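First up is the structure itself, then whatever we jot down about it.
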């Protein structure tokens with residue numbers, strides 16, 4: 001096999017190292033159709049607790065500040081590993097993870113912190129998540145979702161949620177939330 005052998009990306013073996021534009025290998029969760037089913041209310045214990053906190057800190061005629069969701073408060077709920085914060089990019093053309101809890105890394109197959117959705121997910125997944133995030137940001141109303149997935153050939157499901165909050169400078173709407181896998185035998189190697 002010499003340098004003239006072409007790889008699947010169309011490059012020879014000598015220059016077949018991944019380029020920054022190459023799609024990342026799929027290592028995380030693969031959602032099954034439909035991607036998400038909207039829930040009327042949170043179901044899992046952690047989701048209920050986070051939503052209750054959001055309701056407690058939300059002013060009567062506005063959104064709670066991001067600062068109301070401190071590490072101390074989230075830690076007292078036992079949700080640091082499942083918690084995430086996302087922010088809009090270019091006015092909502094994309095969103096990116098500002099913070100991702102350590103227990104979600106296995107769900108994504110990598111650390112998603114600082115990654116815009118269009119770079120983290122395939123196009124179909126990215127567009128759906130961007131649309132849902134923009135919907136929550138515009139409406140000021142939380143969303144609760146459920147999805148089925150395959151992870152390393154094993155089926156599972158998870159509940160996730162997005163709660164609108166004001167950014168640290170109170171100039172934009174960010175989303176805080178958490179994801180809760182269930183019916184999935186996690187192994188330490190998955191975390």
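Going by the conditions given, is residue 121 out of contact with any strand residue (DSSP E or B) (no Cβ under 9 Å at 6 or more places or on another chain) and either surrounded by 15 or more Cβ atoms within 10 Å (Cβ to Cβ) or closer than 15 Å to residue 175 by Cβ (or both)? If you could, list the steps in order and put the result at the bottom.
On the way: out of contact with any strand residue (DSSP E or B) (no Cβ under 9 Å at 6 or more places or on another chain): yes; either surrounded by 15 or more Cβ atoms within 10 Å (Cβ to Cβ) or closer than 15 Å to residue 175 by Cβ (or both): yes.
So residue 121 passes the test.
Residues being under 18 Å from the mean Cα position of the chain (by Cα) and modelled with pLDDT of 90 or more: count how many of those fall in region 21-42.
3
Any idea how many residues of region 56-94 are under 16 Å from residue 168 (Cα atoms), within 18 Å of the chain's Cα centre (by Cα) and part of a loop (DSSP other than H, G, I, E, B)?
Total satisfying the criteria: 1.
Can you find, within region 54-82, the residue that is nearest to residue 42 (Cα to Cα) among those that are at pLDDT 95 or above and in contact with a strand residue (DSSP E or B) (Cβ under 6 Å, 6 or more places away or on another chain)?
54
Would you mention how many residues in region 147-191 are modelled with pLDDT of 90 or more and touching a strand residue (DSSP E or B) at 6+ places or on another chain (Cβ under 8 Å)?
Initial filter on region 147-191 (modelled with pLDDT of 90 or more): 159-179.
Of the ones still in play, those that are also touching a strand residue (DSSP E or B) at 6+ places or on another chain (Cβ under 8 Å) are 159-168, 170, 172-179.
Of the residues in region 147-191, 19 are modelled with pLDDT of 90 or more and touching a strand residue (DSSP E or B) at 6+ places or on another chain (Cβ under 8 Å).
Please name all residue pairs, on different chains or six or more residues apart, with Cβ atoms under 7 Å, provided the first residue is in region 102-118 and is more than 20 Å from residue 132 (Cβ to Cβ) and the second residue is in a helix (DSSP H, G or I) and at pLDDT 80 or above.
Final answer for the pair search is none.
Does region 126-144 include one or more residues that are modelled with pLDDT of 95 or more, more than 18 Å from residue 37 (Cβ to Cβ) and part of a loop (DSSP other than H, G, I, E, B)?
Checked against the condition, which is being modelled with pLDDT of 95 or more, more than 18 Å from residue 37 (Cβ to Cβ) and part of a loop (DSSP other than H, G, I, E, B), region 126-144 yields at least one hit.
The values are calculated or read from the model by the stated rules, or taken from the named source; none is laboratory data. No experiment lies behind these values; they were computed from the predicted model shown. So basically every Cβ, Gly included, is an ideal-geometry build from the backbone, and we count neighbours across all protein chains shown.
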